Amino acid sequence: TPRIFSGIQPSGHLTLGNYLGALRRFVERQEEGIATVYCLVDLHAITVWQDPEALRSQTREAAAAFMAAGIDPARSILFNQSQVPAHAELGWLLNCVARMGWMNRMTQFKEKGGKNAEKVSLGLYAYPALMAADILAYHTTHVPVGEDQKQHVELTRDIAAKFNHDYGVEFFPLPEPVIEGPATRVMSLRDGTKKMSKSDPSDMSRINLTDDADTIAQKFRKARTDAEPLPGSMAALTDRPEARNLVNIYAALSGETQDAVLSRFEGKGFGDFKPALADVAVATLAPISARMSEFLADPAEIDRILGQGAARAEQISAPIVARTREIMGMILSR
Ligand code: TYM
């Protein structure tokens with residue numbers, strides 16, 4: 001039976017990239033009536049420093065974003081990772097299955113660790129094995145993610161296959177990454193070769209789901225572009241990453257193809273295109289941020305919803321992790 005699992009780190013405000021590449025697609029999967037489990041991965045967030053109070057409010061804000069975007073906690077399981085012990089527990093077990101050489105090849109660690117690899121936390125290095133645990137603890141079959149998480153889902157498949165092979169079992173299904181839609185990699189507004197990220201030092205590089213209409217318009221107005229007018233089709237934008245990114249964002253928001261957007265703006269400059277882009281962005285995001293504010297007015301209710309989600313998540317994951325321990329040779333109390 002298919003089961004969807006995905007997660008988002010509550011390490012800052014969620015961005016337009018998270019919305020188009022992930023959250024919006026989480027809602028589509030829920031609407032298809034598939035079993036969906038969505039996790040705010042606070043244990044992943046602390047692999048880099050998080051102020052404790054900020055982490056708590058970012059986690060509530062992310063929960064509010066999920067619900068405002070259309071995740072219904074009665075139909076999807078919505079919870080924060082640290083409340084369900086299976087994640088940390090299976091994470092350890094899988095640390096002993098994953099190989100150092102595999103971890104060393106993870107490009108995200110190389111980027112985040114960079115020249116400072118001696119000073120980053122041990123958790124940042126083990127991060128992809130914890131992500132594998134998140135996925136495998138639910139016997140997940142499909143993982144909707146943006147392009148940047150593809151390598152981590154492939155690592156998860158390698159870990160599952162090695163576990164099954166080493167212990168001679170068919171226990172963990174190999175999960176499929178589901179990377180689809182027009183916006184699997186939304187780029188920074190300041191640099192068309194870098195992805196839009198919650199953790200970019202420049203707030204001008206991203207649209208946050210909490211930004212108001214004026215801020216959204218200003219960020220698009222100041223977005224880096226070239227001076228050429230827009231061409232009639234995407235093929236002519238291969239060497240213009242910033243322009244390509246803005247057209248992609250427009251198309252993803254309006255539900256049109258990129259070429260349909262370009263056929264309307266052909267020959268026009270960014271002075272015309274950017275305000276139109278801001279308008280479609282505000283039309284999508286303003287209702288979401290308004291609903292987020294309503295949810296955030298009652299943080300105790302958010303905490304209650306996350307607690308209920310955690311209880312349901314535990315019912316699925318606890319027996320899978322207990323069985324994993326048993327397969328590995330550990331004594332279970334009965
Ligand atoms: P995170 O928090 O960086 O991003 C959450 C989701 O948003 C997608 N995404 C983007 N998509 C398009 N354009 C962008 N600029 C962009 N930025 C982010 C990501 O691909 C992701 O789908 N390691 C994960 C969280 C995680 C997870 C998991 C995901 C932990 N455990 C288990 C799936 C399954 C992460 O850091 O995502």
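The values are calculated or read from the model by the stated rules, or taken from the named source; none is laboratory data. As the structure is a computational prediction, the values presented were derived from the model and not from experiment. Positions of Cβ are generated from backbone atoms using ideal geometry, with glycine treated the same way; all protein chains shown enter the neighbour counts. Surface accessibility is based on the protein's heavy atoms, side chains included, excluding ligands, DNA and RNA. Shrake-Rupley method; radii C 1.70, N 1.55, O 1.52, S 1.80 Å.
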With the structure loaded, tell me whether Pro175 is closer than 26 Å to Val153 by Cβ and modelled with pLDDT of 95 or more or whether it fails that test. yes
Counting only residues that are more than 13 Å from the ligand (Cβ to nearest atom) and either crowded, with 21+ Cβ neighbours inside 10 Å or within 19 Å of Gly7 (Cα to Cα) (or both), how many does region 161-195 have? 4
Which of the residues spanning region 196-209 are crowded, with 18+ Cβ neighbours inside 10 Å and more than 15 Å from Tyr19 (Cβ to Cβ)? Asp200, Ser205
Taking region 4-28 only, how many residues are open to solvent by 30 Å² or more (accessible area, probe 1.4 Å), in contact (Cβ under 8 Å) with a residue 24 or more places away in the chain and more than 8 Å from the ligand (Cβ to nearest atom)? 2
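Scan region 106-119 and give yes if some residue there is over 20 Å from Glu176 (Cα atoms), free of Cβ contacts under 8 Å to residues at least 12 places away in the same chain and within 16 Å of the ligand (Cβ to nearest atom), otherwise no.
For region 106-119, residues over 20 Å from Glu176 (Cα atoms), free of Cβ contacts under 8 Å to residues at least 12 places away in the same chain and within 16 Å of the ligand (Cβ to nearest atom): present.
From the list Thr284, Thr257, exactly one residue is within 18 Å of Gly181 (Cα to Cα), out of contact with any Leu (no Cβ under 8 Å at 6 or more places or on another chain) and among the polar types (S, T, N, Q). Which is it?
Unique residue meeting the criteria: Thr257.
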Does Val41 count as touching a residue at least 12 places away in the same chain (Cβ under 8 Å) and surrounded by fewer than 23 Cβ atoms within 10 Å (Cβ to Cβ)? no
Looking at Ala129, is it at pLDDT 95 or above and more than 14 Å from the ligand (Cβ to nearest atom)? no
Does at least one position in region 227-234 carry a residue that is within 15 Å of the ligand (Cβ to nearest atom) and at pLDDT 95 or above? no
Looking at (1) buried (at least 19 other Cβ atoms within 10 Å of the Cβ); (2) part of a loop (DSSP other than H, G, I, E, B), which is the one condition that is false for Thr1? (1)
